[in-house]
Structures are given as C-alpha cells and as structure tokens.
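Colleague: Have a look at the structure that comes next, please.
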C-alpha cells in the first residue's frame, strides 16, 4: 500500500522487507473485496454460528428463527426501535472514529474509555456550572468542554509516545484506571456531588445544555438526540481530514512508514501528539453525548464500556470513517435488538456479545473467510508481524 499526498507530489511506500503489520492488515482495505465483502461475510458467518449455538442450548430451528426475527424487530421494526438503534450507535461512531484515526497513524488507542469519562465529566461540569446562558451559547460551550476533556486525556499518551517512546497501549490502559478512580473521587466532591445525596451522583445539567431530542414529536419514547448529527459531522470531518488534507496525508504516511515520513520532512512527534489529542477529543464527545443527551448527569460507570466497543467498530469499519458509521449502526442495532430479543424470545442478551465477538474474530482473520467462501483476495497472502506499531 503506497500513500500519495493530495497534490500528488509525495508518495510514501510501506516498510520494505516486512509483511504488513497486524494493525495495518486489519485496518487497511486493499481492494473492494477485502473492504466490503469480507466484513459482510464475517457478519453472516457470525449469525450462522450464533444460530447454531441457540439450537445447541435446546431451542428448535423455528425458535432460533423467532429469536432472529425479534432481533430484527427490536432494531429496525418500528420508529422506536430505529430510534434506539441510532441512540446506541451514536457514541459508537465517536469511539470508533477515535480508534480508527489512531490506527491510521500506526497507533493503538485503547484509552477511549478514560477519554470518554473525562470528556463526559467536563461536559457535565460546564452543564451545571454556567447558569442563565441561552442554549445557543451554553450547549456549544458544554460540547467544547467535553471535547477538551477527552483531548487532554489523549494528549498525555501521545506526548509520552512522541517524547519518551512509551508504548501508547500501556499508557492508555493505565489512564483508563486513573480515569475510573478520578471519576469516583470527583463525584463525591462538593464540586460535583448533588446536594442532599450521599451516593456518587453529579448535579443535573441545565436545560440549556441538553442535546435536543430528534423524534419525540413523533414518539415521546424516542431517545435519539442531536448528538447523532454531531457524530455524523465528526465522521465527515475525519474523512475530509484523512483523505483531503496534507495533515491527513502526514497521519497516513507516518502510519505506513514513519522512517520514510521523517525522511520526507514530516514531524513524527507532532503527528503522534496531534493524532492522539484528536482521537481523545472524539472519545470525549462520546461521553459528552451520553451525559448531555441521555443521562443529564454523571454517575460511576456511565461510560458503559463504549470506549472498548469502539475498537471493535473501528476494526469492522476497516478504519474508514464511512465504514465506522456503518459498523456503529450494526452494533447499535445488535444492542437494541438484543434487549427486545431477550424480552420477547427468551434468549439471553449475552448472545449479542457472542455475535459481536465472532464478527471481530472473522474480520481479524480474513484469510479464514476467504478460504470458507472461496473469495479470492490478497487477504490470504498477508502475515502478522511482531507487533502493532508501524
């Protein structure tokens, strides 16, 4: 895979003499079959195997079909179901973009959980601290605060990676734990804790800082909110940044071959810091959407594992913003439909985790899918190198 700058003046080739890295092999679609057919077949295969698991637990073939019918109804079978799917997908778009952008630069941001938490906490702080502001000032202020919170938490591993060589995976994992405990501490502090409460619950944000609902005029129970448009706008921005700007070219060039990028005059240090900061801001916006659009407050565990789910979304979307949106909607539909399936088909919601895990396994092993379905692609010729890094 060679990378050419937007103006065609510079071309960066990947490292010679090596097979593509595990990270690049998973996230770079080398042809349309690898980029589209392989993920679709991975989803199909995961559904088939999950259906077999349902039947092995004692259900009949008809009951298995009813379970999948309930899964479909719960995800797209009504306006309320579609609303829930989009609600579940919104934070996944943000966290998926956060991981995908880092992947493009040869980095593995596994700290989306901590960045989400820090973004959500700063958004809540801005949401209840400022009073008397009109919504068109207060809401953007809270959103920007959330992005800044995530960016700060992403800047730390980016800076350490660039200046000291500290591996971003280790640093981001450790910062996740720091964020968990910091949130617990802050929610018990007088600054955040709601008056008259002893449990770790923050003050409610002002109405002027809430993300407005989109479909409640059609269905009062519809939960999808304006954060969906923010997520789609973020996906469009990241696509433009990566593929239409010189900065995005530098990101991709460093991800493909940092040595060649440095020789061409690019600052690898700047790229690592900037990429991780933007990645953190995106994850922070996921937390912002949760607290401003759904919860109206912060409480322990409001991240709900969304930062880790973003890794799966980025892998399935092949680190392409368009693919990330599609993967997020798929996972959102599985989550929304899984709740309906559990209530109406007597199938445990844990099956959804099984389906998601199988999807990722097959996406991570394109050679296996190619062998099963006799799909000819260069996915079968790649091999895994020693590590994640470029």
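Colleague: Mind ordering 203-211, 93-101 by average Cβ neighbours within 10 Å, highest first?
Modeller: On the way: 203-211: 20.0, 93-101: 32.3.
With the highest mean Cβ count within 10 Å placed first, the list reads 93-101, 203-211.
Colleague: Let me ask something additional. GNM, the chain, Cα, under 10 Å: largest mean-square fluctuation among 227, 51, 255?
Modeller: Highest fluctuation of the listed residues: 51.
Colleague: For the stretch 293-344, state what percent of all Cα-Cα pairs lands in each successive 5 Å bin, counting from 0 Å until the bin that includes the largest distance.
Modeller: 5, 18, 19, 20, 20, 14, 4, 0
Colleague: Highest mean first, how do 340-348, 106-114, 52-60, 324-332 rank when packing is the count of other Cβ atoms within 10 Å averaged over residues? Intermediate results must be reported in sequence, preceding the final value.
Modeller: Values: 340-348: 18.2, 106-114: 28.4, 52-60: 12.8, 324-332: 24.7.
Taking the mean over residues of other Cβ atoms within 10 Å, the ranking is 106-114, 324-332, 340-348, 52-60.
Colleague: Two decimals is fine: what's Rg over Rh for the stretch 95-196, C-alpha atoms, Kirkwood radius as Rh?
Modeller: Working: Rg = 15.3 Å, Rh = 14.6 Å.
Here Rg/Rh amounts to 1.05.
Colleague: Further, regarding this structure: Pull out the extension gain between residue 55 and residue 219, defined as 0.36 nm times the separation in residues minus the alpha carbon to alpha carbon distance; nm, one decimal. Intermediate results must be reported in sequence, preceding the final value.
Modeller: Details: separation 164, 0.36 × 164 = 59.04 nm, distance 3.61 nm.
Gain on extension, residue 55 to residue 219, equals 55.4 nm.
Colleague: Let me ask something else. Determine the relative contact order of the chain: mean sequence separation of Cα pairs under 8 Å and six or more apart, normalised by residue count, in whole percent.
Modeller: On the way: 767 pairs, mean separation 138.6, N = 390.
Worked out over the chain, it gives 36 percent.
Colleague: Counting pairs of alpha carbon atoms under 8 Å apart in space and at least six apart in sequence, what relative contact order in percent does the stretch 257-350 give?
Modeller: Relative contact order comes out at 10 percent.
Colleague: Let me ask something else about it. Once both labels are modelled 7 Å past Cα along the beta-carbon direction, what's the residue 72-residue 346 spacing in nm?
Modeller: 2.2 nm
Colleague: Report, please, the projected area of the stretch 142-195 averaged over directions, based on the convex hull of its C-alpha atoms, in nm². Let's see the in-between values first.
Modeller: On the way: hull surface 18.0 nm².
Projected area, direction-averaged: 4.5 nm².
Colleague: I'd like the Kirkwood hydrodynamic radius of the stretch 44-113, using the inverse of the mean 1/r over distinct C-alpha pairs, in Å.
Modeller: Working: mean 1/r = 0.0677 Å⁻¹.
For the stretch 44-113, the Kirkwood estimate is 14.8 Å.
Colleague: Quick one: Cα centre-to-centre distance for the stretch 106-178 and the stretch 255-302, in angstrom?
Modeller: Between the Cα centre of the stretch 106-178 and that of the stretch 255-302, the gap is 8 Å.
Colleague: For the chain, what does the helix formula give at 222 nm: sum of -39500 (n - 2.57) over DSSP H segments with n ≥ 4, over the residue count, nearest 500 deg cm²/dmol? Don't skip to the answer; put the middle values down first.
Modeller: Working: 15 runs with 251 residues, N = 390.
Value at 222 nm, helices only, nearest 500: -21500 deg cm²/dmol.
Colleague: Take each of the peptides 349-358, 117-126, 156-165, 192-201, average the number of other beta-carbon atoms within 10 Å over its residues, and list them starting from the highest. Present the calculation step by step, with values, prior to reporting the outcome.
Modeller: Numbers: 349-358: 17.0, 117-126: 29.1, 156-165: 19.1, 192-201: 12.8.
Highest-to-lowest ranking by the protection proxy: 117-126, 156-165, 349-358, 192-201.
Colleague: Enumerate the whole-percent occupancy of each 5 Å bin, from 0 to the last occupied one, for all C-alpha pair distances of the stretch 167-293.
Modeller: In order of increasing distance, the bins hold 2, 8, 11, 14, 14, 15, 13, 9, 7, 4, 2, 0, 0 percent.
Colleague: For the stretch 36-167, just list the percent of Cα-Cα distances falling in each 5 Å bin from zero outward, please.
Modeller: That works out to 2, 8, 11, 12, 13, 12, 12, 11, 9, 6, 3, 1, in percent per bin.
Colleague: When Rg is the radius of gyration of the Cα atoms in the stretch 19-381 and Rh is its Kirkwood radius, what does Rg/Rh come to? Each step should come with its number before you reach the end.
Modeller: Working: Rg = 20.9 Å, Rh = 21.2 Å.
My calculation puts Rg/Rh at 0.99.
Rule-based calculations on the coordinates, nothing more; no lab input. Worth saying up front: this structure is predicted, and the values here are computed from it rather than measured. Positions of Cβ are generated from backbone atoms using ideal geometry, with glycine treated the same way; all protein chains shown enter the neighbour counts.
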